[in-house]
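**Q** My questions will all concern the structure given below.
The values are calculated or read from the model by the stated rules, or taken from the named source; none is laboratory data. Predicted model, so just to flag it, every value in this text is computed and none were measured. Because the Cβ atoms are built from the backbone with ideal geometry, glycine has one as well, and the counts that use them run over all protein chains shown. For accessibility, only protein heavy atoms count, side chains too; no ligands or nucleic acids. Shrake-Rupley method; radii C 1.70, N 1.55, O 1.52, S 1.80 Å.
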Amino acid sequence: MIDEPFAIGESPLHRRDPRVKIITAITLTVLVALTDSFVVAAGAGVLALLLVLVAGLPILPVLRHLLAVNVFTLFLWLTLPLTYGGETTHLHGLALSVSGIRLAALITLKSNTIALALTALLSTSTIASLGHGLEGIGIPPRLCFILLTTYRYLFVIHQEYQRLHRAAVMRGFVARTNLHTYKTLSHLFAMTLVKSWNRAQRVHQAMLLRGFTGKLFLLRQPLLIPADYLFLASCLAACGGLATLGLC
Amino acid sequence: MHISEGVLSGPVLLGSGAATIIGTAIGLRKVNHERLMTVALLASAFFVASLIHIPLGPGSVHLLLTGLTGLILGWSAFPAILVALLLQALFFQYGGLLVLGTNTFNMAAPAVACGLILRPWLKRTKSSRTTATFLAGFCSIFFSALLTALSLRLSDTGLSQAAKILVLSHLPIMLIEGGITLFIVEFLLRVQPDILDFNSPANTNDLS
């Protein structure tokens, strides 16, 4: 359930430095999130599709990723045309708001564009390298430390919960809508919290023994190569072009 | 509860983003070196909570437990929730990078407020403890839903009906969260009460 299906690969995007990809992702997100124009959003959509193609990602898993985004847009499609007001058009006796439909369409385009761009740019790095990349672009080291450690222990703690849950199921526990279920699941999670708490103490002590002072060091400090600069420059130029398109 | 990227207007994104930066900065300043690991592991645990599905009639809802996060971590809930949401955005494409500020503020601000206001009540009588823990779970979700609705509404008044539906649809989740938070706190008080004393200075049993 928690995995990084796109992180490993040999495409030109996989080989770019995470810092470059993070900056591109932020620029593109800001541009698309703030625009009101279909033209800019569609242009960014083409750019995002291009990035996905360059990254050589498998189509089906990418579409499955997009599904999560569209749960929220579906909610907007179900409510906005009926509730937005303004000029209406009639379809099978339903009064649908034109501007509501327009807004829902724009939001759908924007959300999917950003999700595609983030998949191409960020999912092609491991979260560990993104964490160090974030530190490289000036995010506070403590926050990056929390991010990296949270990520590191996510799987361990998830497995611990699953182990407790399996043990409960083997003793005949069936989840239903009743108080017993709610109590049992609460206790399973509370036990997971206790285990995480104690594990945190042990890991901290073990790290102190190894001379931990609050900073994580990278064994190999990656250097930006010309291809990284070229990629960053062309992406920023494309974003700049789209932004001027939106202004005129 | 997550707002997708591309829905909100610039001023809403900027305002809540700035609030998240301030909250996270305070939260990071409050964690000392000895406590960083604990904040990180509790953040993983709360991420895991969001994978737990609670049956509700024919469907199911997933846990959020932001109220409990606030009760345990206080201000440090801000960085913990930010990190958990960032990981969710990276793993599952819930929300994006810019809207992360808004989503974090909407979830973490009620959590921190509930934690700071209600925590003193844990030390009093049993009934006040029960009320406080239930309220922590209930109110954190209520105000998170309200803030989410408000961010939609401020972005575009046409979204206000959608916002109303969003708050109402979260009512059963508020009740469940209240109950679950209550059960978890009762369990923790019996098994490992020092978790609930996370922020007290006496509770740094480290080696340094």
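**Q** Sort out which residues of segment B:86-98 are touching a residue at least 40 places away in the same chain (Cβ under 8 Å) and more than 7 Å from chain A (Cβ to nearest Cβ), and write them in order of number.
**A** Within segment B:86-98, the first condition is being touching a residue at least 40 places away in the same chain (Cβ under 8 Å), and the residues that meet it are B:87-88, B:94-98.
Correct list: B:Gln88, B:Gly95.
**Q** If you check A:Ser123 against the conditions, is it part of a loop (DSSP other than H, G, I, E, B), hydroxyl-bearing (Ser, Thr, Tyr) and at the interface with chain B (Cβ under 9 Å from one of its Cβ atoms)?
**A** Yes.
**Q** Quick one: is A:Leu154 open to solvent by 40 Å² or more (accessible area, probe 1.4 Å) and either among the hydroxyl-bearing types (Ser, Thr, Tyr) or modelled with pLDDT under 95 (or both)? First the steps, then the outcome.
**A** Numbers: open to solvent by 40 Å² or more (accessible area, probe 1.4 Å): no; either among the hydroxyl-bearing types (Ser, Thr, Tyr) or modelled with pLDDT under 95 (or both): yes.
So A:Leu154 fails the test.
**Q** Here's another thing I want to ask about it. Return only the number of the condition from (1) at positive phi; (2) in a helix (DSSP H, G or I) that A:Ala167 does not satisfy.
**A** Tallying (1) at positive phi; (2) in a helix (DSSP H, G or I), A:Ala167 fails exactly one: (1).
**Q** If you don't mind, there's one more thing I want to ask. Tell me the residue from A:Val54, A:Val46, A:Val39 that is more than 12 Å from chain B (Cβ to nearest Cβ), under 27 Å from B:Gly17 (Cβ atoms) and modelled with pLDDT of 90 or more, please.
**A** So the residue among A:Val54, A:Val46, A:Val39 that is more than 12 Å from chain B (Cβ to nearest Cβ), under 27 Å from B:Gly17 (Cβ atoms) and modelled with pLDDT of 90 or more is A:Val39.
**Q** Next question, about the same structure. Mind checking which residues of segment B:35-64 are open to solvent by 10 Å² or more (accessible area, probe 1.4 Å) and either at the interface with another protein chain (Cβ under 7 Å from one of its Cβ atoms) or assigned to a loop (DSSP other than H, G, I, E, B) (or both)?
**A** Filtering segment B:35-64 down to residues open to solvent by 10 Å² or more (accessible area, probe 1.4 Å) leaves B:35, B:46, B:50-51, B:53, B:55-62, B:64.
Listed by number, the residues that qualify are B:Ser50, B:Leu51, B:Pro55, B:Leu56, B:Gly57, B:Pro58, B:Leu64.
**Q** Spot the failing condition for A:Phe6; the list is (1) buried (at least 20 other Cβ atoms within 10 Å of the Cβ); (2) part of a helix (DSSP H, G or I), and only one is missed.
**A** Only one criterion is unmet by A:Phe6, namely (2).
**Q** Of the residues A:Leu74, A:Leu66, A:Leu109, A:Leu96, which is open to solvent by less than 40 Å² (accessible area, probe 1.4 Å), in the same structural domain as A:Ile26 (by TED's automatic domain parsing) and part of a helix (DSSP H, G or I)?
**A** Details: A:Leu74 fails: open to solvent by less than 40 Å² (accessible area, probe 1.4 Å); A:Leu109 fails: open to solvent by less than 40 Å² (accessible area, probe 1.4 Å); A:Leu96 fails: part of a helix (DSSP H, G or I).
Sole residue among the options that is open to solvent by less than 40 Å² (accessible area, probe 1.4 Å), in the same structural domain as A:Ile26 (by TED's automatic domain parsing) and part of a helix (DSSP H, G or I): A:Leu66.
**Q** For B:Ala77, indicate whether it is more than 10 Å from chain A (Cβ to nearest Cβ) and surrounded by 20 or more Cβ atoms within 10 Å (Cβ to Cβ).
**A** Numbers: more than 10 Å from chain A (Cβ to nearest Cβ): yes; surrounded by 20 or more Cβ atoms within 10 Å (Cβ to Cβ): yes.
So B:Ala77 fits the description; yes.
**Q** Another one. May I ask you to list the residues in segment B:101-118 that are free of Cβ contacts under 8 Å to residues at least 60 places away in the same chain and either open to solvent by 20 Å² or more (accessible area, probe 1.4 Å) or within 14 Å of another protein chain (Cβ to nearest Cβ) (or both)?
**A** Result: B:Ala113, B:Leu116, B:Ile117, B:Leu118.
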